[in-house]
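Nothing in this text is a laboratory measurement; each read-out follows from the coordinates by a stated rule. Model, not experiment: these values are computed from the prediction. Every residue, glycine as well, gets a Cβ built from its backbone with ideal geometry; the counts of neighbours run over all protein chains shown.
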Amino acid sequence: MNMESWWRLGEGSGYRGKELSLFRIECPFCSEKGSWELVNREKKSKPNANKTLFFDTYKCGNCSSFVLIFWSAGDNLHNYRMIPWPLKLNNYPDYIPEKVGNYWLQAKRNLKEENFEAAAIMARSSLQAALRDNGAKGKKLYKEIDNFTESGKLPPLMNDWAHNLRLLGNEANHPKPEKEPVDPYDVSDIIKFLDFLLEYLYKLPKQIEKYRSRGKE
């Protein structure tokens, strides 16, 4: 969620309840969930408003590591930010369909593990699944990208990036002895583009619709 102010943390989106859900918080060092001891708490209240920001330090009961948790609650919701956070990925974003998200998740995991060829191939598969899910036509990904652009669903700049992703995925999937392995920075860049594309296709339309529905109320 993008916020204009940290005072809006826990407003409109987050987890149920007005207390911090420690049971769901995973230790970034040992992956234990819910085993936390509060070591220190500082707080700041908003003047003339029933809103408080909490700055907590917790100790993991399993590995004795420490984390900082910044959190706040709204109307029966709360949300938080943690430093450091777990680096592993367990799920794809909830706005992405499963058939697209499974490939996305594999791309992200392989990137983290520095399996760059596998990451590029999975990113390409996620791109193709997303385009097909949104009605792109064509026998090959090259045609599907151009068809999607010609239909007005993809801006020209994103078309160029989509082809870059496609080509890198092809290169990783069909290696040649005389060529160098795919560049890790290129793989990281095309997966960032994939993130932007999936937000553009799936998240942004929902945000616009939510905005419009608020205006009708």
Could you compute the longest span of the chain free of trypsin sites (Lys or Arg not before Pro) located in DSSP loops and having at most 14 other Cβ atoms within 10 Å, not counting the site residues?
19-87
Taking loop as defined by DSSP and a crowding limit of 14 other beta carbons within 10 Å, which GluC sites (Glu not before Pro) in the stretch 143-210 fit?
GLU178
For the stretch 6-83, give the magnitude of the charge dipole about the Cα centre (Cβ charges: +1 Lys/Arg, -1 Asp/Glu; no others), in debye to the nearest 20.
260 debye
Sum of -39500 (n - 2.57) over DSSP H runs of 4+, divided by residues of the chain (222 nm, nearest 500)
-13500 deg cm²/dmol
Separation of the ALA49 and LEU68 label points, Cα + 7 Å toward Cβ, nm
2.2 nm
Relative to the present Cα-Cα distance, how much length would full extension add between GLU199 and ASP133 at 0.36 nm per residue of separation?
22.3 nm
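Kindly identify the stretch 20-112 as rounded, prolate or oblate by the Cα gyration tensor criterion: order the square roots of the eigenvalues as a ≥ b ≥ c, call it rounded if a/c is under 1.5, otherwise compare a/b with b/c, prolate if a/b is larger, else oblate.
Working: a/c = 2.85, a/b = 1.45, b/c = 1.97.
Judged from the Cα gyration tensor, the stretch 20-112 comes out oblate (a/c at least 1.5, b/c at or above a/b).
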Within the chain: Cβ-based charge dipole about Cα centre, in debye rounded to nearest 20 (Lys, Arg +1; Asp, Glu -1):
780 debye
